[in-house]
Ligand SMILES: [Fe+2]
């Protein structure tokens, strides 16, 4: 069997580094609405927020820093093993400083310039563990890409993600790929489309009633759901989506499937019922 993160060095999405033209406004949203607390940031151009199993670093676009998405490894040995493997593939592993990870974290670039970081969770005040708030564990991030095959090959063949499910259109072209880095159905996914942009990120809750509570929380500040509630075919998770003040899409999910090591990738037809078995879907183009 070929190398897989899931089997050898499981990784989970730990934090996002988001760039914004208005970091103050975005930080206010994640502080108040997502129940996160500032644990760093030295000026108006950088805010570091941590909540219950979720964390985000927000920097001003004008600062030229970021963005990246950060995956936490279980221990130093596995982080070292992964770095060595990536370097053996000829990939540059740049040191990541002043981050939400312990010293020793590094960042790699994918073929289209997205930056993915690997590191170890903080053990001090910046830890995401044992914090109060509604359950919402940062769990996956998704991108639209103009070169689906190229980026998926990178994340599977080089980084070690495993394909859990593919969505295939009527002409046999792959439209969506769901990738796992541990036992959860996907921690990363890519949609084929006309743009290269961030699609959404997702918080996994503990149960369906948490979806209700988050829905009520967004209702209280007049943020409407734009997709869902429903159930995804691939992953079988319940979900809804809203947007933050920058238009970034947040998903809240429950009951995301788990997938065994070596499981054969599933194939789904490209249609509304695949993206939402309960009915209407947001179709990327
Ligand atoms: Fe999602």
Practice task
Determine, for each peptide in 61-67, 31-37, 183-189, the mean count of other beta carbons within 10 angstrom over its residues, then list the peptides with the highest first.
Solution key: 183-189, 31-37, 61-67
Problem - In nm, spacing of pseudo-spin labels at residue 212 and residue 273 (7 Å Cα→C-beta vector) - result: 2.9 nm
Handout entry: Whole-number D in µm² s⁻¹ for the range 164-285, Kirkwood Cα-pair radius fed into Stokes-Einstein, 25 °C, 0.890 mPa s
Key = 163 µm²/s
Completion exercise
As a percent rounded to 5, the proportion of antiparallel DSSP bridges among beta bridges in the range 137-275 is 70 percent
Exercise for the section: Using only the Cα atoms of the range 71-141, each taken as one equal point scatterer with no solvent, compute I(q) by the Debye sum, divide by I(0), and report log10 of the ratio at q = 0.13, 0.19, 0.24 Å⁻¹. Expected result: -0.43, -0.84, -1.17
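Out of all Cα-Cα pairs in the chain, roughly what percent, to the nearest whole number, are more than 27 Å apart? If you can, show how the numbers build up before the last one.
Working: 14994 of 40470 pairs.
The calculated P(r) of the chain puts 37 percent of pairs beyond 27 Å.
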Practice task
With r as the distance between the Cβ atoms of residue 173 and residue 129 and R0 = 45 Å, compute the FRET efficiency 1/(1 + (r/R0)^6) and round to 0.05.
Solution key: 0.60
Completion exercise
Per the 1/(1 + (r/R0)^6) rule, R0 = 30 Å and r from the Cβ atoms of residue 63 and residue 226, FRET efficiency to 0.05 is 0.55
Practice task
Order by neighbour count: 201, 89, fewest other Cβ atoms within 10 Å first, most last.
Solution key: 89, 201
Practice task
Mind jotting down a quarter of the surface of the convex hull over the alpha carbons of the range 106-223, in square nanometres, one decimal?
Solution key: 10.0 nm²
Exercise for the section: Could you calculate the contour length gain from residue 38 to residue 246, that is, 0.36 nm times the residue separation minus the distance between their Cα atoms, to one decimal place in nm? Expected result: 73.0 nm
Exercise for the section: Tell me what the chain gives for mean residue ellipticity at 222 nm when only DSSP H runs of n ≥ 4 count, each as -39,500 (n - 2.57), the sum divided by the residue total, rounded to 500 deg cm²/dmol. Expected result: -4500 deg cm²/dmol
Exercise for the section: Work out how far the C-alpha atoms of the range 1-109 reach from end to end along every principal axis, then list the three figures in whole Å, largest first. Expected result: 47, 28, 22
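Just so you know, all these numbers are worked out from the coordinates, no wet-lab data involved. All values reported here derive from a predicted model rather than from experimental measurement. All Cβ positions, even for glycine, are placed from backbone atoms using ideal geometry, and neighbour counts span all protein chains on display.
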